[in-house]
Structure formats: C-alpha cells, structure tokens
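Asker: Attaching a single structure in structure tokens format; questions to follow.
Coordinate-derived values only; no laboratory data. These numbers were taken from a predicted model, which means no experiment stands behind them. Every residue, glycine among them, receives a Cβ derived from its backbone with ideal geometry; neighbour counts consider all protein chains shown.
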Ligand code: PGA
C-alpha cells in the first residue's frame with residue numbers, strides 16, 4: 001500500500017475544496033489517497049467526495065469534551081467521517097508550542113474514536129547541522145509510547161517544509177532506514193517540498209511508503225498524477 005496525503009493547511013477556500021473532492025478522479029486499491037482540508041470544510045468534503053479519496057483533519061483537541069472554546073474534538077471529527085488526523089505537524093510544534101504531553105493526549109483521543117493518527121516528526125536545520133537528527137527523532141517518538149493502535153508516521157524535516165528545498169535521497173533513505181528499524185510495520189511517509197517532479201524518485205526508496213504533500217496537493221490534477229505514479233510502483 002502507498003499513502004498519498006495532501007495537507008491543505010489554510011490554503012484551500014470553500015469553492016476550491018468542493019471542486020477538488022467533487023471532481024476527484026483516481027481510484028486504486030493499492031493507494032490510500034487522502035486530503036486534509038480546514039476544519040470548516042471537513043463536513044462538506046466528507047459528504048461530497050468521490051470514491052477513491054479519503055478525508056483527514058489537520059489537528060484535533062487534546063480534550064474530548066468540556067469548555068474548550070475554539071477546539072474541535074476527535075469525536076466530532078469521527079462523526080463526520082474523518083479517517084486520518086495529523087498530530088504534531090512542525091508548524092503546530094513551533095507556532096503553537098505543542099509538546100510531547102499534548103501530542104500524546106491527542107493520540108489518545110484519536111485512539112478512542114478510531115481515527116488513524118498521522119504522527120509528524122522531523123528536525124530543524126540547526127539540529128541537522130549539529131548532527132542531532134536521530135536524537136531529535138527519538139525524543140519526538142516518545143509521544144507514541146504505549147499508544148497501542150495502528151498509526152502512520154510522516155518524517156518531515158522542518159527545513160524542507162514549504163521551502164522548495166527537498167531533502168536529498170540519501171538523507172531521506174538514512175532517516176527512513178532508522179525509523180523502519182525502530183518502528184517495524186509502521187507506514188512511513190516523507191514530507192517536505194514534494195512536487196510532481198520528485199515524487200517518483202522519493203517513492204522509489206524502499207522504506208518510503210508514501211508522501212505528505214503541502215503546496216503540490218492543492219491542484220487536483222497534480223495530486224492525482226502523484227497518486228498515479230504511486231500506483232505504478234510496487235509496494
Ligand atoms: P510542503 O508542505 O509540501 O508545501 O513543503 C509539507 C507539509 O507541511 O506537510
């Protein structure tokens with residue numbers, strides 16, 4: 001199985017989101033294709049999407065119920081058909097100060113409602129330059145300890161996200177080899193400036209089971225083309 005996931009962040013408005021999912025035209029049992037719209041569009045996207053596409057959320061609350069103004073619980077997401085949920089995207093870690101205790105609480109909520117977490121990890125440029133990549137990943141992976149459910153892991157080096165600088169193939173391979181030894185059986189995605197032009201070579205790395213794509217997931221034709229490439233490759 002290959003996983004091609006599109007993180008729309010705040011980029012896709014209502015009309016574009018509706019058109020994207022309503023005109024979706026790719027289906028392959030060997031490829032799990034999923035897009036992650038804004039919270040406000042999840043319900044409509046889930047209702048209007050064509051088959052062959054799944055819907056994921058970009059985040060969820062670390063609480064299931066109570067007085068938490070502005071938060072969205074995992075239960076509410078499950079009710080509207082959300083299948084996957086990002087946890088610990090680097091933008092949430094850096095800009096919203098999410099640490100391991102918050103992230104483990106979110107993972108726990110997703111477990112209770114049966115949504116598959118897509119746990120994101122990755123080092124900053126500074127940590128890479130200091131040679132601390134594996135220590136950073138080890139400490140981020142602590143949040144998954146004792147989770148006891150299936151999840152997907154996305155390795156996204158922070159310096160490659162939204163910068164146009166994709167990690168080099170040997171760098172991706174090295175980290176994915178490390179992750180596959182630590183987490184046998186867990187699907188491992190790569191994310192960070194994935195484009196139509198580099199998708200095939202990254203997916204060609206044997207420990208890469210899929211892609212988490214930001215900018216290049218916004219145009220349906222491009223995203224479908226990447227899904228088609230994934231479908232051609234052997235798992
Ligand atoms: P990018 O974003 O593909 O635009 O670099 C990836 C992500 O943030 O998940």
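Asker: Helix-only mean residue ellipticity at 222 nm, the chain, DSSP H runs n ≥ 4 weighted -39,500 (n - 2.57), per residue, nearest 500. What is it?
Answerer: It comes out at -11500 deg cm²/dmol, rounded to the nearest 500.
Asker: Something else now. Can you tell me the relative contact order of the stretch 153-235? Whole percent, Cα pairs under 8 Å, sequence separation 6 or more.
Answerer: Dividing the mean separation by the residue count of the stretch 153-235 yields 31 percent.
Asker: A further question follows. For the modelled label position 7 Å from the Cα of residue 219 along Cα-to-Cβ, which residues of the stretch 144-169 have backbone nitrogen atoms closer than 19 Å?
Answerer: Counting backbone N atoms under 19 Å from the label point, the list is 162-166.
Asker: Turning to a different aspect of this structure: I need 202, 80, 213 ordered by Cβ neighbour count within 10 Å, fewest first.
Answerer: 80, 202, 213
Asker: Computed FRET efficiency, Cβ-Cβ of residue 196 and residue 69, R0 35 Å: what is it to the nearest 0.05?
Answerer: After rounding, the FRET efficiency stands at 0.30.
Asker: Of the residues 39, 96, 26, which exhibits the maximal mean-square fluctuation in a Gaussian network model of the chain defined by a 10 Å Cα contact cut-off?
Answerer: Of 39, 96, 26, the most mobile in the Gaussian network model is 96.
Asker: Please state the relative contact order of the chain as a whole percent: Cα pairs under 8 Å, 6+ residues apart?
Answerer: Relative contact order for the chain comes out at 21 percent.
Asker: In addition: How many nm is it between the label spots at residue 96 and residue 165, if each spot is 7 Å from the Cα in line with the beta carbon?
Answerer: About 2.6 nm separates the two model spin labels.
Asker: Taking neighbour counts of Cβ atoms within 10 Å as a proxy for exposure, in what order, fewest first, do 195, 2 appear?
Answerer: The most exposed by this proxy come first: 195, 2.
Asker: What are the semi-axes of the equivalent ellipsoid for the chain, taken as the square roots of 5 times the Cα gyration tensor eigenvalues, largest first, in whole Å?
Answerer: Each semi-axis is the square root of five times an eigenvalue, giving 24, 23, 16 Å.
Asker: Normalised by the residues of the stretch 23-68, what does the relative contact order come to in percent, with Cα pairs under 8 Å and at least six apart?
Answerer: Once normalised by length, the contact order is 44 percent.
Asker: Label points 7 Å out from Cα along the Cβ direction at residue 147 and residue 1: separation in nm?
Answerer: 1.4
Asker: Now a separate question. Mind sorting 132, 209 by how few other Cβ atoms lie within 10 Å of their own Cβ, fewest first?
Answerer: With the sparsest Cβ surroundings first, the list reads 132, 209.
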